[in-house]
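Working notes, structure below.
The values are calculated or read from the model by the stated rules, or taken from the named source; none is laboratory data. Please read all numbers here as calculations on a predicted model, not as lab measurements. Every residue, glycine among them, receives a Cβ derived from its backbone with ideal geometry; neighbour counts consider all protein chains shown. SASA here: full protein model, heavy atoms, side chains in, ligands and nucleic acids out. Shrake-Rupley method; radii C 1.70, N 1.55, O 1.52, S 1.80 Å.
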Amino acid sequence: MPITITELLADPHLGLSLLTATVPTGRDVLWAHSSELSDPTPWLEGGELLMTLGLGLPTQRKELERYVARLARRGVVGLAIDTGIVLAEVPEDLIAAGERHALPVLRIPAPTPFIAISRAVLSALTADAIEAVSTVATHQERVAAGALRSGARGVVQALAGILPADVALLSGDGTVLARAGADVDRVCARVLERVGGGSTPGRGR
C-alpha cells in the first residue's frame, strides 16, 4: 500500500513534525515532489507530498492563502517545509491556511534531506508494486494449472476462486460450457436473457 503522511510522521529517521492540528493525515502519498515555484500546480497530478525550501513562497497573507488553496484544489495531500536553509520556521499564516483548506503542513528539520522523504515514499510504492506483480504471477499459475488439469472447467473454477465471483463460460450460441460459484445459475440466466441465448443455465458443467 502507498505510505500515508501519518506513517511518514511516525518514521523517527525523518523527524517530520505536523503543524496543522485539525487536518487528517491518513491520505495516501502517491509521490513526493519538490518545487520552489510560486505555482507548481501545472506540474502536479494530485496525490503528491510537496516539499519546498520556501524560495517561492509568497510573503503576503493573501498570497499564501491563494498558494495553499491552489495546492488543495490540485489534490496535493501534504505540504512539507524545510526549516534549515531558507526558513527558520514555517510561517504561521501558511499553517493557518493549511487548516482552512484541509492541507496538512509539515515541518522538515534541518538534518533531513528531501531525498530521504522521497526514498521513504518510493520504497512503499515499490513494495506495493512488487506485491502486485507477485499476486498476478500466482494467479496466472493457478489459472494455467486449472487449464492443464481440467481445460475450460479448470480455468473457470480457478477464476471463481481468485476473483472471488461466480464465473461461467458460454459458447456463441448460449450454451453454458463451464460454471463455478454458489449463485452461478442466476448469473447465467441473466446473461442468457440479455444476449438472447436459447440455452438454459443447467447445461454445461
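Here are a few things to note about the model shown:
- Å² of accessible area per residue within the chain, as computed with a 1.4 Å probe and no ligands counted: 55
- Sites Glu92 and Asp39 - FRET efficiency at Förster radius 25 Å, r taken between beta-carbons, to 0.05: 0.70
- Checking (i) 27, 19, 18; (ii) 32, 20, 15; (iii) 54, 20, 13 against semi-axes √(5λ) of the Cα gyration tensor in Å calculated from these atoms, the matching label is (iii).
- Modelled FRET efficiency - R0 35 Å, Ala21 with Leu55, Cβ distances, 0.05 increments: 0.85
- Our analysis of the stretch 48-137 gives Rg over Rh at 1.09, with the two radii drawn from alpha carbon positions and Rh computed by the Kirkwood formula.
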